[in-house]
Amino acid sequence: MGTYYNIPLRERNIVLIGFMGVGKTTIGQLVAKKLYRDFIDVDQEIEKQHHMSIPAIFEQMGEDYFRKVERELIVDLCTNTRLKIISLGGGAYLQEEVRKACLSHCIVFFLDLSWECWKERLPLIVDNRPVLKNKTLEEVEQLFFQRRNVYSIHNSRVLTNNLDPEAIANEIVESIKWTWEVYEPNE
Ligand code: S3P
């Protein structure tokens, strides 16, 4: 689990991980509202910094460049901020440095979804996800399950099949409040 930094649970950033298109941004925004916290979407931050879309960054600067910027931003957010809700891009957590920073400073929620449910969303997201470009359905399925192994290193998991974002956000908020009460009561 990496080094444990002694940040009180109530102050820890809450990080949402999971496959592309699972709803990390939508759900993250709702969780932030419910907990009166700021929301940070890592991809949107990178787009703002570069005045470019993610597909354009991939195309013009390359994936390696994107991964470096992504990693540095996440490590910075984990190390230097508290009380935020942060949603990561689906590939970010594959980098070990990102995993370590998240697990040692934040509370990591995995938004899980079955392959059957996710497959139905593919047509909606494929156009602005460079990682999915020119891949067969079989290749995408392989990627889905490879990544699922990495996402399985988390603090808490929420199954999002057929649930609406509001219900999922409520589940996350309840789970967080429960964790706060149980592990650090009366604060
Ligand atoms: C990526 C996921 C995207 C974005 C980029 C790469 C990935 O974010 O960071 O296109 O490798 O899975 P979402 O998970 O928000 O789609």
(request) Using a 10 angstrom cutoff on alpha carbons, build the Gaussian network for the chain and name the most mobile of Ile14, Ile40, Ile86. (result) Ile40
(request) Compute the length gained on full extension between Lys135 and Arg10: take 0.36 nm times their separation in residues and subtract their Cα-Cα distance, giving the result in nm to one decimal. (result) 40.9 nm
(request) Would you work out the charge dipole size for segment 1-131 about its Cα centre, treating the Cβ of every Lys and Arg as +1 and the Cβ of every Asp and Glu as -1, and quote it to the nearest 20 debye? (result) 600
(request) Work out, step by step, the length gained on full extension between Val126 and Met52: first 0.36 nm times the residue separation, then minus their alpha carbon distance; give nm to one decimal. (result) 24.8 nm
(request) Under 15 Å from the Cβ of Leu143, count the other residues' Cβ atoms, weight Lys and Arg +1, Asp and Glu -1, and hand me the total. (result) +3
(request) For segment 55-126, just say rounded, prolate or oblate: build the C-alpha gyration tensor, square-root its eigenvalues into a ≥ b ≥ c, call rounded for a/c under 1.5, and beyond that prolate if a/b exceeds b/c, oblate if not. (result) oblate
(request) Let me know the shape class of segment 38-187, please: from the alpha-carbon gyration tensor, a ≥ b ≥ c as square roots of the eigenvalues, rounded when a/c is under 1.5, otherwise prolate if a/b is greater than b/c, or oblate. (result) oblate
(message) Running a GNM on the chain with Cα contacts under 10 Å, which residue among Tyr151, Tyr36, Tyr93 ends up with the highest mean-square fluctuation?
(response) Tyr36
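Throughout, read-outs are computed from the coordinates displayed, never taken from laboratory work. Keep in mind that what you see is a predicted model, and the values were worked out from it rather than measured. Don't worry about glycine lacking a Cβ; one is built from the backbone with ideal geometry, like all the others, and counts go over all protein chains shown.
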